Amino acid sequence: MVKIFLVFLAMGVVAAIAFAITMNRLRRMKATYDMYAVRDKFVLLVANGVLNEDSPVFKHHYKRTNMLLQFAPNIGIDQAYKAFLFQTSNRKIDLKDAMEKAKEETDLILKSKELENPEISKAVEDYYSACMEMVLSHSSVTRLYYYAIKHKVFNISVLRKAPIGVQKAMTVIKISDDEREMLFERRNFAECA
């Protein structure tokens, strides 16, 4: 009787591991397809004449999308971080300075009048959602930190003790989430006004 129980227990553990691996792969593939869909939205906006191909909004997000997709579906935290910072080489940089520069550039793009168009604003918001999902789908540890902090299980100060890769990922996720929320609020405020 004990042997039968142990056999079923072992089969259950193997099935749970196989299920977890399959779900992780599916989540990564979905995140990749979502990013392709975002890129297609930007191209469609240009094709329909809603957005100009020379527009800073288009250039900025299209370039970032392509940088992320070149590593997909097996994008790592370092590749996502590089794409977020527009870093094309492997040279050493001061991460704080690079992050501030990327944030300033993104803030300029987000102040663009083009984002008053709901279609363009939605495409940019979808970009940030897809970016977050790509990062979250590739690291169970990052997902754990993200959801624990989001649901106030952990305090944000816990991140200081996390591995540097998790800190980088959480920085990308936090900025993406903040910018997505800002766009969402601005678009909904404009619709209500």
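The values are calculated or read from the model by the stated rules, or taken from the named source; none is laboratory data. Just so it is clear, the structure is predicted and the values come from calculations on it, not from any experiment. Positions of Cβ are generated from backbone atoms using ideal geometry, with glycine treated the same way; all protein chains shown enter the neighbour counts.
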Going residue by residue through region 121-134, is there one that turns out to be loosely packed, with under 14 Cβ neighbours inside 10 Å, closer than 29 Å to ALA20 by Cβ, modelled with pLDDT of 75 or more and under 18 Å from the mean Cα position of the chain (by Cα)?
no
Just to be sure I understand, how many residues within region 20-57 are modelled with pLDDT of 90 or more, over 15 Å from the mean Cα position of the chain (by Cα) and assigned to a helix (DSSP H, G or I)?
8
Within region 22-54, of all residues that are surrounded by fewer than 19 Cβ atoms within 10 Å (Cβ to Cβ) and of a type in the set (Gly, Ala, Ser), the one farthest from HIS138 (Cα to Cα) is GLY49
State which residue pairs qualify: first residue without any contact (Cβ under 8 Å) to a residue 24 or more places away in the chain and inside region 128-156, second residue among the small types (Gly, Ala, Ser) in any location, beta carbons under 7 Å apart, and separation of 6 or more residues or different chains.
PHE154/ALA148
Quick one: LYS150 ticks every box in (1) crowded, with 18+ Cβ neighbours inside 10 Å; (2) at pLDDT 75 or above; (3) under 23 Å from MET23 (Cβ atoms) bar one, so which box is it?
(1)
